[in-house]
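Read through the structure below, which is laid out as structure tokens, and then see the notes.
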Amino acid sequence: TQLLEQSPQFLSIQEGENLTVYCNSSSVFSSLQWYRQEPGEGPVLLVTVVTGGEVKKLKRLTFQFGDARKDSSLHITAAQPGDTGLYLCAGSTSGTYKYIFGTGTRLKVLA
Amino acid sequence: EAQVTQNPRYLITVTGKKLTVTCSQNMNHEYMSWYRQDPGLGLRQIYYSMNVEVTDKGDVPEGYKVSRKEKRNFPLILESPSPNQTSLYFCASSLLAFKGETQYFGPGTRLLVL
């Protein structure tokens, strides 16, 4: 079974700090997605990256896809309490339409 | 309103009593999928369907069945539930089966098997 490993698992930071979440695999992914999940709800898509080396920005969030398409990162600048949630990376590898999700990073931003 | 609906939202049952969790989407999506979410394990795909009458196994299909007789519905069937199937279940759909398509998730079904 292919794995997507996320780190860190838990992160508690003060408002205004920066943070980076990592998503790593030994497999090559044709695309990779980042979702955010609030308690009691389903995940909601933040971004999709498809090209090795691609960088996408969504306000204070910056997403990067590794050159070899085996890893990705999510960087949040000046975190705010509204960023609190579970962040999940997900993707599928070539030749399959199965989706694999990472183990998740639970972020708490303190005011 | 475009959405994925699941029923029931909460279910307590006993070992061996067959149950069905329904999933319906009103967005004319081709791809539908079931996941279970367990602490420390993230979301794991149970089954997916690329279109009507086309289903395939995800990573954890044992103990589950699905069917896709209509485009909008994708029920998850537990023929003989066991305690290790206690979990939070999510149904999701996307417009096409192409990789990178946005998946829209339902609100989840919390299942407890005694």
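The values are calculated or read from the model by the stated rules, or taken from the named source; none is laboratory data. It should be emphasised that the depicted structure is a prediction, and the values quoted were computed from it without experimental measurement. Note: ideal-geometry Cβ built from the backbone for every residue, glycine included; neighbour counts use all protein chains shown.
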Within region B:52-84, residues in a strand (DSSP E or B), surrounded by fewer than 18 Cβ atoms within 10 Å (Cβ to Cβ) and in contact (Cβ under 8 Å) with a residue 40 or more places away in the chain come out as B:Asn73, B:Ile77
Within region B:6-26, take every residue that is over 11 Å from the mean Cα position of the chain (by Cα) and surrounded by 14 or more Cβ atoms within 10 Å (Cβ to Cβ) and give me the one that is nearest to B:Glu70 (Cα to Cα). B:Gln25
Verdict on B:Leu78 being of a type in the set (A, V, I, L, M) and over 30 Å from A:Gln6 (Cα atoms): yes
In region A:65-83, residues that are surrounded by 17 or more Cβ atoms within 10 Å (Cβ to Cβ) and not charged (D, E, K, R) total 7
Restricting to region A:84-111, give me the number of residues that are modelled with pLDDT under 95, under 9 Å from the mean Cα position of the chain (by Cα) and facing chain B (nearest Cβ under 7 Å). 2
If you go through region A:6-51 one residue at a time, how many are of a type outside the set (Val, Ile, Thr), away from chain B (no Cβ under 14 Å) and either over 16 Å from A:Thr103 (Cα atoms) or not in a strand (DSSP E or B) (or both)? 8
Of all residues in region A:30-53, how many are modelled with pLDDT under 90 and buried (at least 19 other Cβ atoms within 10 Å of the Cβ)? 1
